[in-house]
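**Q** For reference, the structure I am asking about is given below.
Coordinate-derived values only; no laboratory data. Just so it is clear, the model here is predicted, and its values are computed rather than measured. FYI the Cβ positions are ideal-geometry reconstructions off the backbone, even for glycines, and counts take in every protein chain you see.
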Amino acid sequence: MKRNKKLYTIVVIAFVLLSMVYQHITEPDTSDGGFLEVHFLDVGQADSIFIKKGSEAMLIDAGNNKDGKFVVDYIRKQGIENLKYVIGTHPHADHIGGLDDVIDNFQVEKVIMPNKMANTRTFEEVLDSIADKGLKITRPRVGDKYDLNGAQFTILAPNGENYSSTNDYSIVVKLVNGSNSFIFTGDAEALSEREMLENNRWALKADVLKVGHHGSVTSTIPEFLEAVNPRLAVISSGEGNTYGHPHKEIIELLEENKIEILRTDILGTIVIMADGENIAY
């Protein structure tokens, strides 16, 4: 009987040890170098994307002026006090409106904005916040690469310096984490998309596409979508917005290509997790 109890105890200990080993192997690594988190914030008819990998984080756009506090509070809830990069894709209020609040409230390493001015109070407030923090604006250059705790993003656009549409000055970046990839397009329109096709078609393939210009027909030409060939398309737009975004034609194009569509006007804030091999949301 004692022998059986001893054997039972050995079996239990072995089982516990094996369970601990199995748990260690299968649990996601959420430390530095682990999951990449991409948060498409629900800022209505606007854009704001918070990206975090381990202890490092970045922000692409910050919604309208009224969204500044929401964006700041959201980032803080993620346990972040420092932003390695802040990107203002282009100087429209629905993209840079809350950037001054973000810059005022966080330690920011680098601010990246295109070489395009705007004669608006919103733009001036962003410039004031940048100056108050003693920061300088880094201009995007196609091909420039930046590290985010082992993930890397590359500037794909703008490819020119003289556009009639402010939207085409949008900074477009491709973010890669292992075999996972995302393209964030700001409001880049057809002209910018064609330039990317001409200059960097080989670099456009990605798992996730942030659809340009809130799903407007001015963006996402079929050739560009074919080159990106994403599994997921994320559209940031406001419920019942007066622009009719996303436009029916873009939804139909995405559906025809069997691309899963995620919309902030339907789902609210969307969080996509990428571990270097798999993507989940």
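**Q** With N set to the residue count of the stretch 226-281, report its C-alpha Rg divided by 2.2 N^0.38 Å to two decimal places.
**A** 1.24
**Q** Please list 3J(HN,Hα) in residue order for the stretch 135-143, calculated via the Karplus relation 6.51 cos²θ - 1.76 cosθ + 1.60 where θ = phi - 60°; whole Hz, with x for glycine and proline.
**A** Here the 3J(HN,Hα) series is 9, 10, 8, 8, 7, x, 10, 4, x Hz.
**Q** By per-residue mean of other Cβ atoms within 10 Å, what is the highest-first order of 56-63, 262-269?
**A** Peptide ranking by packing, descending: 56-63, 262-269.
**Q** For the stretch 165-186 and the stretch 207-221, compute the distance between their C-alpha centroids and round to whole Å.
**A** So the separation of the two Cα centres works out to 11 Å.
**Q** Further question: Hey, what D do you get for the stretch 143-257 in µm²/s if you plug the Kirkwood alpha-carbon radius into Stokes-Einstein at 4 °C and 1.567 mPa s?
**A** Working: Rh = 14.3 Å.
Roughly 91 µm²/s, to the nearest whole number.
**Q** If you don't mind, there's one more thing I want to ask. Only helical DSSP H runs with n ≥ 4 go in: add -39500 (n - 2.57) per run for the chain, normalise by residue count and round the 222 nm mean residue ellipticity to 500 deg cm²/dmol.
**A** -9500 deg cm²/dmol
**Q** Please give, to one decimal in nm, the separation of the simple spin-label points placed at Arg76 and Thr242, each 7 Å out from Cα toward the Cβ.
**A** Output for this residue pair reads 3.3 nm.
**Q** Suppose we keep just the DSSP beta bridges with both residues in the chain; what percent of those would be antiparallel, to 5?
**A** Around 60 percent of the beta bridges assigned by DSSP in the chain are antiparallel ones.
**Q** Taking a 28 Å limit on the Cα-Cα distance, which of the listed pairs Lys84/Lys116; Lys110/Lys248; Lys66/Lys258; Lys66/Lys116; Lys69/Lys133 fall beyond it? Before the final figure, lay out the partial values.
**A** On the way: Lys84/Lys116 22 Å; Lys110/Lys248 38 Å; Lys66/Lys258 36 Å; Lys66/Lys116 23 Å; Lys69/Lys133 18 Å.
Too far apart for the 28 Å limit: Lys110/Lys248; Lys66/Lys258.
**Q** Under the Karplus relation 6.51 cos²θ - 1.76 cosθ + 1.60, θ = phi - 60°, what is the ordered set of whole-Hz ³J(HN,Hα) values for the stretch 60-65, x standing for Gly and Pro?
**A** Ordered by residue, 3J(HN,Hα) equals 10, 6, 8, x, 7, 3 Hz.
**Q** Apply 1/(1 + (r/R0)^6) to the Cβ-Cβ distance of Glu256 and Ile137, taking R0 = 45 Å, and write down the FRET efficiency to the nearest 0.05.
**A** 0.65
**Q** Let me know the shape class of the chain, please: from the alpha-carbon gyration tensor, a ≥ b ≥ c as square roots of the eigenvalues, rounded when a/c is under 1.5, otherwise prolate if a/b is greater than b/c, or oblate.
**A** prolate
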